[in-house]
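Please read the structure below before turning to the comments.
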Amino acid sequence: MTIPDTGIPGPHLLLVDDDRLVLTTMASALIKAGYQVSTAESANDAEKWLAEGHQRPQLVILDVQMPNHSGLTLALRLRELDHIPFMMLSAYSDQATVAQATQQGALSYAVKPIGAVQLIPIIEAALARANELDSLRSTRVQLQTALDNERDINAAVGITMMQHHLTRKAAFDRLRQGARSQRCKLIELAQRIITAAETFNG
């Protein structure tokens, strides 16, 4: 496994192929095109490297058929490892293999032999799609966090209403004033109130 120091802040690609000639030729061409490139000669090698905490690749380019574990097997692991995006580069173009790769989340599928000039637009399209998906995941997480916070604040308002016999507005104002006086976020105070209530009721 190698990470050439190109000095170019281009996208970081991880190439995984058991054909050393294809690996070397493609890596060299992509480095010249401005990418940062790491290489692995097997799925096991790639998985071990990823687990060691090296720089996260922005896209993994996988061969389908490799000894021991196929690229499709590694694809499943990539999905589990922080949604690392991948595309397939293979000599196999049968419909079943392409369909399986797509079902497992491949952003693209290129058939060998293919030169770097032809591959670069495919890589760029896959990187753009990966960025879109990452943005969607981030938005979903933010939305879920906002919904969770709203739920906890509403629960804390309800607890405050019951404890102090207040209207909803008065209870909310009390929480907001309490957060200001304690110099904390409203959600932090709400979560403390919920925890205290659960401890008391428990």
Next on the checklist: For LYS48, give me every one of the aspartates and glutamates with a C-alpha distance below 13 angstrom, ignoring sequence neighbours fewer than eight places off in its own chain.
Outcome noted: none
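Taking R0 as 35 Å, what FRET efficiency do you get between ARG129 and LEU166 from their Cβ-Cβ distance, rounded to the nearest 0.05?
Result of the calculation: an efficiency of 0.10.
So, for region 84-138, what is the accessible surface per residue at a probe of 1.4 Å, expressed in square angstrom?
For region 84-138, the solvent-accessible area averages 52 Å² per residue.
Taking only C-alpha pairs under 8 Å that are 6+ residues apart, what is the relative contact order of the chain in percent? List each step's numbers first, then the result.
Details: 257 pairs, mean separation 27.6, N = 202.
Here the relative contact order equals 14 percent.
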Checklist entry - On alpha-carbon atoms, Rg over Rh for region 52-162 using Kirkwood Rh? => result 1.21
Checklist entry - Which of (1) 85, 36, 36; (2) 76, 39, 28; (3) 42, 36, 30 is the computed Cα extents along the principal axes in Å for the structure on display? => result (2)
Checklist entry - Suppose every K and R has +1 on its Cβ and every D and E has -1 on its Cβ; what is the size of the dipole of region 133-202 about the Cα centre, in Debye to the nearest 20? => result 260 debye
Item to check | Spin-label pair GLU80/ARG137, simplified geometry with 7 Å Cα→Cβ offset, distance in nm | outcome: 1.5 nm
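Tell me, what % of the accessible area of the chain is carbon and sulfur with a 1.4 angstrom probe?
Carbon-and-sulfur percentage of accessible area, whole number: 54.
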Item to check | Dipole magnitude (debye, nearest 20) for region 10-59, charges at Cβ of Lys, Arg, Asp, Glu | outcome: 260 debye
Item to check | Exposed-loop-free span, longest in the chain, where trypsin sites (Lys or Arg not before Pro) count as exposed if DSSP calls them loop and at most 12 other C-beta atoms lie within 10 Å | outcome: 1-182
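Please report the relative contact order for region 129-202, taking Cα pairs under 8 Å with a sequence separation of at least 6, and give it as a percent rounded to a whole number.
32 percent
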Checklist entry - With no solvent and one point per C-alpha, what does the Debye sum give as log10 I(q)/I(0) for region 123-202 at q = 0.23, 0.26 Å⁻¹? => result -1.03, -1.18
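The values are calculated or read from the model by the stated rules, or taken from the named source; none is laboratory data. Note that this is a predicted model, so its numbers are computed, not measured. No Cβ is skipped: glycine too gets one built from the backbone with ideal geometry, and neighbour counts run over all protein chains shown. Just so you know, the surface numbers come from the protein's heavy atoms only, side chains and all, with ligands and any DNA or RNA stripped out. Shrake-Rupley method; radii C 1.70, N 1.55, O 1.52, S 1.80 Å.
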